[in-house]
1. Kindly establish whether V286 is buried (at least 19 other Cβ atoms within 10 Å of the Cβ), within 24 Å of G89 (Cα to Cα) and at pLDDT 95 or above.
2. Give me the pairs, please: first residue somewhere in the stretch 427-451 and on the phi > 0 side of the Ramachandran plot and surrounded by 20 or more Cβ atoms within 10 Å (Cβ to Cβ), second residue anywhere and at pLDDT 95 or above and part of a loop (DSSP other than H, G, I, E, B), beta-carbon distance under 7 Å, and either six or more positions apart or on two chains.
3. Scan the stretch 91-107 and give yes if some residue there is surrounded by 19 or more Cβ atoms within 10 Å (Cβ to Cβ), at positive phi and of a type outside the set (S, T, Y), otherwise no.
4. Quickly run through the stretch 8-30 and pick out the residues that are surrounded by fewer than 23 Cβ atoms within 10 Å (Cβ to Cβ) and either of a type in the set (S, T, Y) or not assigned by TED's automatic domain parsing to the domain that holds E140 (or both).
5. Of the numbered conditions (1) in contact (Cβ under 8 Å) with a residue 12 or more places away in the chain; (2) under 25 Å from G97 (Cα atoms); (3) out of contact with any Ser or Thr (no Cβ under 8 Å at 6 or more places or on another chain), E158 satisfies every one except a single condition; which is it?
6. Can you find even one residue in the stretch 163-183 that is among the small types (G, A, S) and not in a loop (DSSP other than H, G, I, E, B)?
7. Tell me, please, whether a residue that is among the β-branched types (V, I, T), touching a residue at least 24 places away in the same chain (Cβ under 8 Å) and in a loop (DSSP other than H, G, I, E, B) can be found in the stretch 98-119.
8. Within the stretch 227-250, is there a residue that is surrounded by fewer than 17 Cβ atoms within 10 Å (Cβ to Cβ), outside any helix (DSSP H, G or I) and on the phi < 0 side of the Ramachandran plot?
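The values are calculated or read from the model by the stated rules, or taken from the named source; none is laboratory data. Everything numeric in this text was worked out from a predicted model, so none of it was measured. With ideal geometry, Cβ positions are generated from the backbone for all residues, glycine too; neighbour counts draw on all protein chains shown.
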Amino acid sequence: MKKQLFGTDGIRGVAGKYPLDPKTVYAAGLALARHIHNPNAECSAAGGMEVLIGMDTRESSKPIARQLAAGLTAGSAKPRSAGVITTAGVAHLTARGFALGVMISASHNSFEDNGIKVFSPNGFKLPDAQEAKVEQTIFEQLQQIINPVERDLSIDPELARSYLNYLLQADGGTQELTPMKLIVDCANGAASDLAPQLFQGLGMKAEVIHCRPDGRNINKDCGSMNLDPLRAKVVAAGAQLGVAFDGDADRALFVAEDGSIVDGDAILLMAAEHLAAHNRLTNNLVVTTVMANMGLEKALQKRGLCMARTPVGDKYVLEEMVRRGAVLGGEQSGHIIFREYATTGDGMLTARMILRILSETGKSLSTLKNDLAVFPQKLENIRIKRKIPFEQVPALRDAVAQSEQELIGRGRVVVRYSGTEPLVRIMVEAEEMPLVDEHVRRLAGLFQAQLGA
């Protein structure tokens, strides 16, 4: 069954408008409560009827939480709020005694957007098949709802404290961590309160920026979506590294002491080497997506390690990790999953693991980053009117096939629709930048002419 509401990372849209209008959000709460009652659902076996709700700092997150809680309550579920917390915090806490977990966030999007991410009681995002069933129930409930209501939620501060304590203790706690000077960009998002406490607890000298959310400044000219302010701060302050989170802190990108950017591919290589050196990289395998640079694949092969690719989305990375018994996976965008400790991308956990690697090796982040020789890569986003299967547009299908044929052995092409926005993403990677530019220009022009808004 093709899903209509859930994308690659939950339900997402403009807050207040379908599918995040009050009626649909209330229906979603009802549908999730019905899902808990379903004897064939994963969540029926654990967690009783309690549903954990967490949110980021958008001005729309509180009303959506209240609308969702009202629907859950009407369906005889028991909502419990962690307040502002990261997506990974919701996943972690859900796996410790809740029937379901819900994170209200649109991740890296601007404040006008929001979203609903749902976690099973094992801390994994709902599988596609279950999302499709929840969708069906939402549509059924929508036909019966006339006046959706809201429900007040009191915040349990112990929930966020429990998650923070877990982060502090993960991977040996502060043992052998070298105190370092950091610049931390919280994107005015979910990490704004937790990240300063984490780095202080780890013994770091951290200057925290963009940690004063006002409901509208989440991700605005800051965080992992705009690293320029962080780069300037790191270099000016002589810091050893900078870390930038996105709005819900499920991803982290880094800035080395020389101002260079360290993305998810470089993080995966560092982490793979670290885990392999400690005999903790099961099956010598790293799982990533089709967007990972070919340079990562070659670097892993050089070290006797393997790489598997999945569709974009950390839930698909995790599913493949579970299927193949892998403990490390992630995305170029900074979603990194350390399966020993987490069931989803966790930016704050990733940061503390990087601190561990730097402490153990005694090397700078720029030195470790240079172990990855990347192929030139370019990503072009084209805003579109509607998502038409590529095979139904012969000109597009043939153009992509031609580029793929021309780049065999020298590069690759990935063309896909965004799961959360009306965009087609065109990624070209090749040995030389002129070759990349040629194919991106050719494909982008054609897609703009055929599908452009």
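1. On the way: buried (at least 19 other Cβ atoms within 10 Å of the Cβ): yes; within 24 Å of G89 (Cα to Cα): yes; at pLDDT 95 or above: yes.
So V286 fits the description; yes.
2. Short answer, once both residue conditions are applied: none.
3. No, the stretch 91-107 contains no residue that is surrounded by 19 or more Cβ atoms within 10 Å (Cβ to Cβ), at positive phi and of a type outside the set (S, T, Y).
4. Initially, the stretch 8-30 is screened for residues surrounded by fewer than 23 Cβ atoms within 10 Å (Cβ to Cβ), giving 8, 13-19, 21-23.
The answer is T8, Y18.
5. (1)
6. Filtering the stretch 163-183 down to residues among the small types (G, A, S) leaves 170, 172-173.
Then drop every residue that is not not in a loop (DSSP other than H, G, I, E, B), which leaves 170, 172.
Yes.
7. From the stretch 98-119, those among the β-branched types (V, I, T) are 102, 104, 116, 118; that's our starting set.
Filter again for touching a residue at least 24 places away in the same chain (Cβ under 8 Å), leaving 102, 104, 116, 118.
Restricting the remaining residues to those that are in a loop (DSSP other than H, G, I, E, B) gives none.
Checked against the condition, which is being among the β-branched types (V, I, T), touching a residue at least 24 places away in the same chain (Cβ under 8 Å) and in a loop (DSSP other than H, G, I, E, B), the stretch 98-119 yields no hits at all.
8. No, there is no match, as no residue in the stretch 227-250 is surrounded by fewer than 17 Cβ atoms within 10 Å (Cβ to Cβ), outside any helix (DSSP H, G or I) and on the phi < 0 side of the Ramachandran plot.
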